[in-house]
Amino acid sequence: MAMRKRHKIIIGSFSSIIIIFMIISGILLNTILTKQNLNYNLLNNKITEVQTDTQIKFNELSTSILQSQKKLKTLGSQVGSIDEKFNLLKASTSADFSGIIEDAIKSVVTIKTDISQGTGFIIDKEGYIVTNYHVMENAKSARIITYDSETHQVSLIGYDNTLDIALLKISGDFEELKFSDSDDVQIGEKVIAIGNPLGLQFSVSEGIVSATDRQGPSGTNSYIQTDTALNPGNSGGPLINTEGKVIGINNFKISGGESIGFALESNSIEDAVNKIAEEKLNETLI
């Protein structure tokens, strides 16, 4: 009996130990799981922070790349503009106009009348020519000599006596000179004049623009002053810039002075030619 009772006590004690062990194990396991869950949350938060930081840096990098691309495009545009200006600078500072003259002189003509001589230049491939009206004024006959030494019969289309501009026409297919915007003419820029001074056909002289918006015989401030050598026979010839374009038509010079010549600006020439053409068209329609 005592033996059985002792056995029950041992079993009860053993059961208590197991229960206590299980409780302790549960507590330990719960602690471990709690720590693991905490570590997992910390790790997850860290990963989220890293991802967020990475996204921010990626966005900053993308923005930086876009800004760099814009700067490169701007720089490329600036370089292109600088190259153009540098080419013009080389042309304007160069003493050699041979390339420009070689092309431009083919569109210049000599005008000979029964009472005078002068110069003109072709403004349309069909043979329309601009000159000063005083070159043709009171003439009973006239002929045109082109750069290839060919002689052509000429017709007077019309004229603007105020601006001293005449529009002529010869038959054939020719090279033309283009007009530049005279509002862009700068004091000091280099120019050349091509003409027939004192009968010396297709002579070239070089100079610079001395002033702009000078007043002339027309009463308007539409004349370019230049120190380019002008002599009788240069009247009606083109004043050409370093791009090979016409900025004016050589018109007159100051008597008794040296290197003080004047050319009617290209914008006024175009206005006069358009006016003459419109008047001629109206006459034809009537």
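Computed from the coordinates by the stated procedures, all read-outs in this text should not be read as laboratory data. Being a predicted model, the structure only gives us computed values, none of them experimental. Cβ: placed from backbone, ideal geometry, glycine included. Neighbour counts: every protein chain shown.
What the table below lists for this structure:
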quantity: Complete set of residues in region 192-242 that are among the β-branched types (Val, Ile, Thr), part of a strand (DSSP E or B) and under 22 Å from HIS134 (Cβ atoms); calculated: ILE194, ILE224, THR226, ILE240
quantity: Any hit, region 93-114, residues being touching a residue at least 24 places away in the same chain (Cβ under 8 Å), within 18 Å of ASN251 (Cβ to Cβ), surrounded by fewer than 22 Cβ atoms within 10 Å (Cβ to Cβ) and not β-branched (Val, Ile, Thr); calculated: no
quantity: Total residues in region 243-270, condition closer than 15 Å to ASN132 by Cβ, surrounded by fewer than 23 Cβ atoms within 10 Å (Cβ to Cβ) and of a type in the set (D, E, K, R); calculated: 1
quantity: Check on GLY195, small (Gly, Ala, Ser), crowded, with 19+ Cβ neighbours inside 10 Å and out of contact with any helix residue (DSSP H, G or I) (no Cβ under 6 Å at 6 or more places or on another chain); calculated: yes
quantity: Positions within region 131-152 being hydroxyl-bearing (Ser, Thr, Tyr) and either part of a loop (DSSP other than H, G, I, E, B) or closer than 15 Å to ASN234 by Cα (or both), in sequence order; calculated: THR131, TYR133, SER141, THR146, TYR147, SER149
quantity: Residues within region 167-186 that are exposed (fewer than 15 other Cβ atoms within 10 Å of the Cβ) and not in a loop (DSSP other than H, G, I, E, B), tallied; calculated: 2
quantity: Which numbered condition ASP164 fails, given (1) surrounded by fewer than 21 Cβ atoms within 10 Å (Cβ to Cβ); (2) over 24 Å from ILE101 (Cα atoms); calculated: (1)
